[in-house]
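One structure below.
The values are calculated or read from the model by the stated rules, or taken from the named source; none is laboratory data. Keep in mind that this is a model prediction, so the values were computed, not measured. Note that we place each Cβ from the backbone using ideal geometry, even for glycine, and neighbour counts take in every protein chain shown. The area values use the complete protein model at the heavy-atom level, side chains included, leaving out ligands, DNA and RNA. Shrake-Rupley method; radii C 1.70, N 1.55, O 1.52, S 1.80 Å.
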Amino acid sequence: MSVRSTPALGSAEVADRVGALLGQMSVAEKAGQLTQYFYFNLPPAQDNGATPQHEFQDQPAIVEAALAKGEVGSLLFVTDPAEVNRLQRLAVAGNRHGIPALFGFDVIHGLRTILPVPIAMAASWDPDSIEQAQAVAAREARAVGIGWTFAPMVDIARDPRWGRIIEGAGEDPYLAAAVAVAQVRGFQGDGLGSADRIIAGPKHFAGYGAALGGRDYDEVNLSDSELWNVYLPPFKAAVEAGAGNIMTAYMDLNGIPATGNDWLLTEVLRGAWGFGGFVVSDAQAVHNLRTHGFAADLTDAGGRALNAGVDMEMAVGDPSYAHLPEAVEAGQVDMRVLDAAVRRILTAKARLGLLDQPYVDEERAREVLADPAHRAVARVAAQRSAVLLRNEGGLLPLASPGSIAVIGPLADSRRDTLGPWSFDFDLDETVSVLDGIRNRAGAGTEVGYAPGIRPAYRTFPSMFDMFANNTPVDPAGFDDEAELARAVSLAGAADVALVVLGEWQNMIGEAASRSSLEFPGRQLELLQAVVATGTPVVLLIMNGRPLDLRWVAENVPAILDIWYPGTQGGAAVADVIFGDVAPGGKLPFSWPRSVGQVPIIYSHTVSHGPDDQGRRYWDEASTPLFPFGYGLSYSRFDYSDLTLDRGQIGSGQTVTVSVTVTNAGERAADEVAQLYIHQRHGSASRPARELKGFRRVSLAAGESRTLRFPLGPGELRYWNAAARDWVIDATTIDVFAGGDSTAELTTSFTIGARFAPGAGQGSRT
Ligand code: BGC
């Protein structure tokens, strides 16, 4: 990949330029720099009853009027480089100081080259390929003039009813922190201003994934222990990795709206963690301080958000921050607070190189977006994300079948293959599962296709349905019973049936919570009819959350979770199905049996009746269907020689764990070796298991590798709700190593005298 350098500005030079600008700005201009507007240049909306596009029809006029006054700090949702340049010219001309706008966008899993959805990338347990993938996303975004992404989403998600589970890394803070760091590095490179990179904005600070009942935007009530030990660590890791921005969350956290939460944004984020970047609100979240019954009016909302630590307001229209001059006038906002926020925004612009180079090279943008190297990265990312959940009798990889029946509407849906949070894709170059199987199958294999059923629909439409291609289209003249019969007969006559089921992409993501985990529509009925033919069935699941597989897990011999695999998805799926690569992904969440079990996590504490842990419900096992960290391979792996470099450590010291992983099968494959701990006793109850190390390794048949994992203060300390501090207890720690969270190979060590870093100083970090 070629790189083009942006002017590197030393921090003293940046501070001087920013200081000089700030000195000349009016209060209204300062408030303008703190305001970000949506600017939609949407393709024509579908007439589908979704959010009417007229809601945004006045938006261009409102924004262009603000640009003409020099009162816009940032724009979002513009992705066409010519449009970026046009709007940027308005920004520069309208502002007395020539300050350009910063363009931001939700580059969640790619811009033109769509990568697997984030939960899929997390399932690769492969920080290197995640970093590489997000570097591709950054390069494409930067090429079109976007300098900042609202990603990664680092919210822990333990309730799959919550649709945004798809945007994160699942249930575990250790895995989520590693994935967060990889993404920040991928987006930002060595730091703000790196060529071909953009500012990363981890979100939504904090606790958003714990919405009551899994209902998006609803309140969150988290204990101190959960907050510090589970929900905050991925944010802290992202901040330590140098993320330039943080986005607030919509909901109340323990009764206080996150966007007006001084404790979160100032005490923790800036004070304790030393975050030096800028904070943006979620869309309309400053406005919402009024909706929450927190702020009295927009002036109060703007003043309180700014004082709490929100530097920039993301607004649709009528921004609260337009009222900041009144808040300053009334003495609600101190000019120094306003200046500090403006300084952070201008510093980000200066470090990105925008002050010297506000425009984008449209010709180069075209070249970058067409770079075939990006597609290659997306294909590898999708291969590495696939998780093999079942493979009875070694049905996969397919052994040169004479005929394959590909079944299910999702198999032939390029749009759904891409997943949600993708807008700038190219459907012509997207490889559906059917395309991928056809391309790979070879002359000796006949590939037939039948959808079997029509697509399923949401009961309530999605706000994203206003984007073209976002709702499934009913095939014209679809005869339900005839199509079902055709699919069954095609499957019955084939050597193997590949059935693709899941959720349509508008059923998962933001504002896509569900009360059930069942396959929508008639999908299960279709699968059951295909299975009844006696043809061996491989189920490919297209999803961003676990779905109800109780019938499937007993009746379908092979199950491969392919998630929403992206632009190259079908090609990658074919690579796995035909055995060109072996699947090596592992689940980033515990897969529940039914919706009644959620939330279900592997890292529960141990309580009364531990022997009955699996029988907490009288009507169904209370264990997950598949455990956290689970995933099969085409090979087999053995774990041995779990040893420690010493059996006892003092507080604050580190023990090194070694374990040998052997590929005991007959083909090269990847394994994700995982290390868990359990604290036997101490000053709080600790989880039955906690992930504290992992590594994805590629091993040839018969090859062994010894892996080492340090367990030091970072892994052994925890937030103790009674002490209200971080502690390391004097205790015995059990260590487990293996291929998932039920690993049995075990050893233990002891920790000597009790150690409480920060004790007595009220340290809460
Ligand atoms: C979402 C954010 C997103 C923003 C801008 C909000 O509704 O919660 O995650 O970045 O919209 O699209």
* Give me the number: length gained by fully extending Ala443 to Ala482, i.e. 0.36 nm times residue separation minus the C-alpha to C-alpha distance, one decimal in nm. => 11.1 nm
* Structure fact -> Taking a crude spin-label model, label points 7 Å out from Cα along the C-beta direction, the Ser685 to Glu392 distance in nm is 3.8
* Starting from 0 in steps of 5 Å, tell me what percent of the Cα-Cα pairs of segment 243-283 lands in each bin. => 7, 25, 32, 24, 11, 1
* Rg in Å to one decimal, and Dmax rounded to a whole Å, for segment 684-737 via C-alpha atoms -> 15.4, 50
* Scattering from the C-alpha atoms of segment 643-738 alone, worked out with Debye: what is log10 I(q)/I(0) at q = 0.19, 0.24 1/Å? -> -0.89, -1.23
* To do: Could you check the simple spin-label distance between Ala468 and Thr656, using points 7 Å along Cα→Cβ, in nm with one decimal?
  => 5.8
* May I ask you to give the percent of accessible area on segment 461-533 that is carbon plus sulfur, with a probe radius of 1.4 Å? => 55
* Asked: What size of dipole, in debye to the nearest 20, comes out for segment 90-167 about its Cα centre when the only charges are +1 on Lys and Arg C-beta atoms and -1 on Asp and Glu C-beta atoms?
  -> 340
* Asked: Using only the Cα atoms of segment 583-636, what do you get for the radius of gyration and for Dmax, in Å?
  -> 12.9, 39
* Structure fact -> Among Ile146, His204, Pro233, the residue whose Cα sits farthest towards the positive end of the charge dipole of segment 131-243 (+1 at Cβ of Lys and Arg, -1 at Cβ of Asp and Glu, taken about the Cα centre) is Ile146
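With charges set only on the Cβ (+1 for Lys and Arg, -1 for Asp and Glu), what does the dipole of the chain come to about its Cα centre, in debye to the nearest 20? Could you put the intermediate results ahead of the total?
Working: 62 positive and 90 negative charges, 331 e Å.
Value, rounded to 20: 1600 debye.
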* Structure fact -> For segment 317-393, the Debye formula with one identical point scatterer on each Cα and no solvent gives log10 I(q)/I(0) at q = 0.12, 0.16 Å⁻¹ as -0.73, -0.85
* **Total formal charge among the other residues, if their Cβ is under 9 angstrom from that of Ala258, Lys/Arg +1 and Asp/Glu -1** => -2
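Expressed as a fraction of 2.2 N^0.38 Å, the rule-of-thumb size for a compact globular protein of N residues, what is the C-alpha radius of gyration of segment 521-673? Walk me through the intermediate numbers first.
Details: Rg = 19.5 Å, N = 153, 2.2 N^0.38 = 14.9 Å.
Rounded to two decimals, the normalised Rg is 1.31.
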* Along segment 327-337, what does the Karplus equation 6.51 cos²θ - 1.76 cosθ + 1.60 (θ = phi - 60°) give for ³J(HN,Hα), rounded to whole Hz, x for Gly and Pro? -> 5, 5, 4, 7, x, 6, 10, 7, 4, 5, 5
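For every other residue with a beta carbon closer than 11 angstrom to the beta carbon of Tyr37, add +1 if it is Lys or Arg and -1 if Asp or Glu, then tell me the sum. Please list the in-between numbers first.
Numbers: positive: none; negative: Glu64, Glu71, Glu313, Asp318.
Combined, the nearby Lys, Arg, Asp and Glu give -4.
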* Any chance you could look up the accessible area of Asp128 with a 1.4 Å probe, heavy atoms only, rounded to 10 Å²? => 120
* Loop-located trypsin sites (Lys or Arg not before Pro) in segment 78-148, at most 12 other Cβ atoms within 10 Å (DSSP) -> Arg96
* For segment 226-296, with +1 on Lys and Arg beta carbons and -1 on Asp and Glu, the positive-most of Met251, Leu265, Val286 along the dipole -> Val286
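Rank-order 646-657, 672-683, 606-617 by packing density, defined as the average count of other C-beta atoms within 10 Å over each peptide's residues, highest first. Intermediate results must be reported in sequence, preceding the final value.
Numbers: 646-657: 15.2, 672-683: 20.1, 606-617: 10.2.
Per-residue mean Cβ counts within 10 Å order the peptides as 672-683, 646-657, 606-617.
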* Ordered by residue, what ³J(HN,Hα) values in Hz, to whole numbers, does segment 246-262 give under the Karplus form 6.51 cos²θ - 1.76 cosθ + 1.60, where θ = phi - 60° and Gly and Pro are x? -> 9, 9, 6, 10, 6, 8, 6, 10, 6, x, 10, x, 4, 7, x, 9, 4
* At what distance in angstrom do the alpha carbon centres of segment 71-102 and segment 310-343 lie from each other? -> 20
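Subtract the Cα-Cα distance of Ala668 and Ala65 from 0.36 nm times their separation in residues, and report this length gain in nm to one decimal.
Values: separation 603, 0.36 × 603 = 217.08 nm, distance 6.10 nm.
In short, 211.0 nm is gained.
Classify segment 78-126 as rounded, prolate or oblate, taking a ≥ b ≥ c as the square roots of the eigenvalues of its Cα gyration tensor: rounded when a/c is under 1.5, otherwise prolate if a/b is larger than b/c and oblate if not. It would help to have the intermediate numbers written out before the result.
Values: a/c = 6.29, a/b = 3.03, b/c = 2.08.
Here segment 78-126 falls in the prolate category.
Expected output is a single nm value to one decimal: the length gained when fully extending between Trp263 and Ala340, i.e. 0.36 nm times separation in residues minus the C-alpha distance. What is it?
Details: separation 77, 0.36 × 77 = 27.72 nm, distance 1.79 nm.
Length gained, Trp263 through Ala340: 25.9 nm.
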* For the chain, what is the accessible area per residue in Å² when the probe is 1.4 Å? -> 35
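For segment 364-487, report the convex hull volume of the alpha-carbon atoms normalised per residue, in Å³, without decimals.
Details: hull volume 22.0 nm³, N = 124.
For segment 364-487, the hull spanned by Cα atoms encloses 177 Å³ per residue.
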* Can you count the Lys pairs in the chain with C-alpha separation below 18 Å, eight or more apart or on different chains? -> 5
* To do: Let me know the shape class of segment 485-591, please: from the alpha-carbon gyration tensor, a ≥ b ≥ c as square roots of the eigenvalues, rounded when a/c is under 1.5, otherwise prolate if a/b is greater than b/c, or oblate.
  => oblate
* Debye intensity ratio I(q)/I(0), log10, segment 52-178, q values 0.11, 0.12, 0.20, 0.21 Å⁻¹ (C-alpha model) -> -0.51, -0.59, -1.05, -1.10
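For segment 212-251, what value does the Rg/Rh ratio take when both radii are computed over Cα atoms and Rh is the Kirkwood radius, given to two decimals? Kindly include the intermediate steps, with their values, before the conclusion.
Working: Rg = 12.1 Å, Rh = 11.7 Å.
Dividing the radius of gyration by the Kirkwood radius yields 1.03.
Relative to the compact globular guide of 2.2 N^0.38 Å, what is the alpha carbon radius of gyration of segment 127-252, as a ratio?
Rg over 2.2 N^0.38 Å, computed on Cα atoms: 1.03.
Express in % the proportion of alpha carbon pairs of the chain at distances exceeding 41 Å. Let's see the in-between values first.
Details: 92692 of 292230 pairs.
Counting pairs separated by more than 41 Å, the tail of P(r) holds 32 percent.
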* Structure fact -> Expected field for Leu75, accessible surface area in Å² at 1.4 Å probe radius, rounded to 10, holds 0
* To do: Enumerate the amide H contacts of Gln284 below 5 Å, restricted to partners 5 or more residues apart or on another chain; note that Pro and chain-start residues carry no placed amide H.
  => Met314, Ala315, Val316
* **Net charge of neighbours whose Cβ lies under 13 Å from the Cβ of Arg343, counting Lys and Arg as +1 and Asp and Glu as -1** => +3
* **Percent breakdown of C-alpha pair distances by 5 Å bin, ordered from the shortest bin, for segment 422-515** => 2, 10, 17, 18, 19, 16, 11, 5, 1, 0
* Dipole size in debye (nearest 20) for segment 194-285 around its Cα centre, Lys and Arg Cβ +1, Asp and Glu Cβ -1? -> 300
